[in-house]
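Scroll down for the structure; my scribbles are underneath it.
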Amino acid sequence: MPPVKINVNRRFPMPDTMGLDKYTVILFILRWIHFIAGITWIGHLYFFNFVNGPFAKTMDADTKKKVVPQLMPRALWWFRWAAMVTFISGWIYIFGKLHLNGAGLTGTGGLFTSTWGQWISLGALLGSIMWFNVWFIIWPSQKKLITWIKKGEAAAEAAAITKRAFLASRLNTYLSVPMLFCMGAASHFPSFDLVTVIAMLAVGFGLVWVLVNQVAPKAGANF
């Protein structure tokens, strides 16, 4: 019996050649920058929530005074600026692509009328919320907390500010998995509907809950 040959390109056609004009190169470089910055940003987000959070609970006041002023300013520098570069490069890429193909918001293949546009819009919305949390909640709160720990001060509002920063960071962690799904789905998932979105959010939130509450507290304990 002769072997069965499956023509992958018939179902998932790939062009043999692509035009390599300057606009294609610019969009590709933007996307490349977006990927690098996004990996840096989300990598630090997961470090804070999966690694540093459980570790911080084991430190006493003297240890925090030594560790926090050295660790957190460095980590937060990469964290916040990677978020900024991700945010800016992502929106420039989206509007640049829409401008070049002439689709706009509601035209054929537009931001709100195509599967690509709908997924990328939802992903960009989630990413923008996360960016806002980084720059206007987490970073301002952490600046105050780091200063107080460095000086050995116990400010009355420290507990409230710590909780605010924690909730914003944890929200970003929950939003990150659906956001990443949206970014991948824009190019690789040819359907957008309410049921799919709800299922994606449920699975994403469930996965983060397991990682935060079941895996992170125990990870590395038996190394």
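The values are calculated or read from the model by the stated rules, or taken from the named source; none is laboratory data. None of the values given here were measured: they were computed from a predicted structure. Counting neighbours? That spans all protein chains shown, and the Cβs are built from the backbone with ideal geometry, glycine included.
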Query raised in the report: When the residues of the range 100-114 are filtered to those that are under 19 Å from residue 193 (Cβ atoms) and touching a helix residue (DSSP H, G or I) at 6+ places or on another chain (Cβ under 8 Å), which remaining residue is surrounded by the fewest Cβ atoms within 10 Å (Cβ to Cβ)?
Result: 112
Query - Contacts under 7 angstrom Cβ, first residue in the range 49-67 being closer than 14 Å to residue 212 by Cβ, partner surrounded by 16 or more Cβ atoms within 10 Å (Cβ to Cβ) and of a type in the set (Ser, Thr, Tyr), 6 or more apart - result: 49/169; 49/173
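Hey, among the residues in the range 108-152 that are in a loop (DSSP other than H, G, I, E, B) and more than 24 Å from the chain's Cα centre (by Cα), which one's nearest to residue 69 (Cα to Cα)?
152
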Query raised in the report: Based on what the data block shows, is residue 147 in contact with an Asp or Glu (Cβ under 9 Å, 6 or more places away or on another chain) and at pLDDT below 95?
Result: yes
**Report entry** Options 55, 28: the member that is within 25 Å of the chain's Cα centre (by Cα), at pLDDT below 95 and either farther than 30 Å from residue 221 by Cα or of a type in the set (Ser, Thr, Tyr) (or both)
**Finding:** 28
Query - Total residues in the range 107-138, condition free of Cβ contacts under 8 Å to residues at least 40 places away in the same chain, β-branched (Val, Ile, Thr) and under 15 Å from residue 96 (Cα atoms) - result: 0
Report task. Just name the residue that is farthest from residue 51 (Cα to Cα) out of those in the range 175-193 that are without any contact (Cβ under 8 Å) to a residue 60 or more places away in the chain and either aliphatic (A, V, I, L, M) or surrounded by fewer than 20 Cβ atoms within 10 Å (Cβ to Cβ) (or both). Result -> 193
Report task. Search the range 194-223 for residues being touching a residue at least 12 places away in the same chain (Cβ under 8 Å) and not in a helix (DSSP H, G or I), and hand back the single one that is surrounded by the most Cβ atoms within 10 Å (Cβ to Cβ). Result -> 216
